[in-house]
Amino acid sequence: MRPFTPRSRGTLAILMAVALLLAVPAPALSATDPNPGDPMLEGQRGDERSSPGARADAKWTYMVYMSADNNLEDEAILNFNQMEAVGSTDDVNIVLQLDRSPEWDETNGNWTTTRRYYVLPDGDPDILNSQLLEDMGEVDMGDADELRDFVIWAIGSYPADRYYLDVWGHGGGWRDGTCNDYTSGSVIDTDELGQALQEARRSTNVTLDGLGFDQCLMAQLEVFYEIKQYGDVLVGAETLIPADGYNYTRVLAPLVADPDMDAAGLAGLIVTAFFDEYGHDNDRAHSAVDAEAMDANLSQAMTWMAQRLRANASSLR
């Protein structure tokens with residue numbers, strides 16, 4: 001295994017909840033309640049209902065938004081090859097949108113644009129052989145509209161009984177956002193993340209069965225509360241994770257073997273796969289959360305705690 005390098009920005013330390021509550025004002029948590037019946041948003045890609053390799057009767061579509069126009073590019077190629085070790089089946093569609101960097105990895109043609117792929121089974125651990133669906137040119141993956149459009153496209157092109165969205169890349173929690181793109185300098189802020197998922201649900205009328213982050217620091221209450229309406233089960237890490245992230249062979253092989261599993265089952269195996277890969281050291285964290293459990297009582301309790309911590313900040317050391 002390579003030396004530990006966190007899948008987070010180099011200047012980020014682990015954000016401790018009490019320190020954050022003391023350092024900044026703590027407004028009440030909020031999330032916009034969407035209207036799932038709204039019509040299709042205009043001017044978006046992905047309204048077609050079929051695409052090469054699509055399985056109209058699939059049980060799962062596993063979607064990976066792979067923001068690798070940064071120093072995680074070589075890990076993206078590694079993870080893509082791990083997905084190909086399993087590949088899509090009649091019951092499970094695996095689709096991804098991958099943005100590469102001009103700097104970090106020169107393998108597999110060294111293309112630096114953004115591409116969409118339908119992941120096919122392949123025994124070569126180094127060479128990507130999946131089905132290229134589209135070369136989109138340079139795309140700013142730190143733009144929340146691109147995440148929204150990817151979800152709309154994937155659900156529209158690869159209909160299934162259940163959907164899981166895997167947001168891949170750098171994560172900085174509620175304060176620093178997700179999916180930073182080195183070419184553009186952009187990052188998806190927490191409120192933009194919620195807005196993108198809201199608009200995707202309006203467009204597709206689909207609530208994701210699972211929504212997770214192969215990233216550092218994204219399983220923070222402030223992040224999960226913002227997106228709790230858009231995924232039945234939420235998955236992520238409160239702490240830093242290794243740069244290699246998930247071993248996608250461990251994640252996807254059980255799903256392909258048992259495509260009848262529900263969202264809780266998939267979320268559980270993702271968490272199990274993480275600890276099987278990295279062990280149970282004290283600095284490791286990964287969890288699956290029932291979104292319905294994040295109700296108003298939890299937000300009220302956190303607001304109450306934050307108010308009292310601020311009121312007594314001078315007595316804390």
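Taken together, the values in this text are just the output of simple stated rules run on the coordinates, not laboratory data. These numbers come from a predicted model, not from an experiment. No Cβ is skipped: glycine too gets one built from the backbone with ideal geometry, and neighbour counts run over all protein chains shown.
Alpha-carbon geometry of the stretch 51-291: the Rg and the Dmax are 16.0, 45 Å, given in that order. One way to sum up the overall shape of the stretch 225-270 is the equivalent ellipsoid from its Cα gyration tensor, whose semi-axes run 20, 18, 6 Å, largest first.
Close amide-amide hydrogen proximity is noted between Thr239 and Leu217, Ala285, each under 5 Å apart and 5 or more residues distant or on a separate chain (H modeled in the peptide plane; Pro and chain starts excluded). Electrostatic tally near Asn110: other residues with Cβ closer than 11 Å to its Cβ, Lys and Arg +1, Asp and Glu -1, net -3.
Simple rule: put +1 on each Lys or Arg Cβ and -1 on each Asp or Glu Cβ in the stretch 51-291, find the dipole, and look at Cys216, Val139, Pro254; the Cα lying farthest toward the positive end is Pro254.
Converting phi to 3J(HN,Hα) with the Karplus coefficients 6.51, -1.76 and 1.60 and the offset θ = phi - 60°, the stretch 235-252 yields 10, x, 10, 7, 10, 6, 10, x, 4, 5, x, 5, 8, 6, 5, 4, 6, 8 Hz in sequence order, with x at every glycine or proline.
Taking label points 7 Å from Cα along the Cα-to-Cβ direction, Gln307 and Thr113 give a separation of 5.5 nm. Here r is the Cβ-Cβ distance between Asp295 and Ala257 and R0 is 41 Å; the resulting FRET efficiency, rounded to 0.05, is 0.75. If you wrap the Cα atoms of the stretch 160-298 in a convex hull and average its projected area over all directions, you get 9.1 nm².
By DSSP, the beta bridges lying fully in the stretch 51-291 are antiparallel in about 40 percent of cases.
Expressed as a fraction of 2.2 N^0.38 Å, the C-alpha radius of gyration for the stretch 122-225 is 1.14. Only Lys, Arg, Asp and Glu carry charge here, each on its Cβ (+1 for the first two, -1 for the last two); on that basis the stretch 51-291 has a dipole of about 640 debye about its Cα centre. Return the percentage of antiparallel bridges among DSSP beta bridges fully within the stretch 55-140, rounded to the nearest 5 %. Once the DSSP bridges in the stretch 55-140 are tallied, antiparallel ones form about 55 percent.
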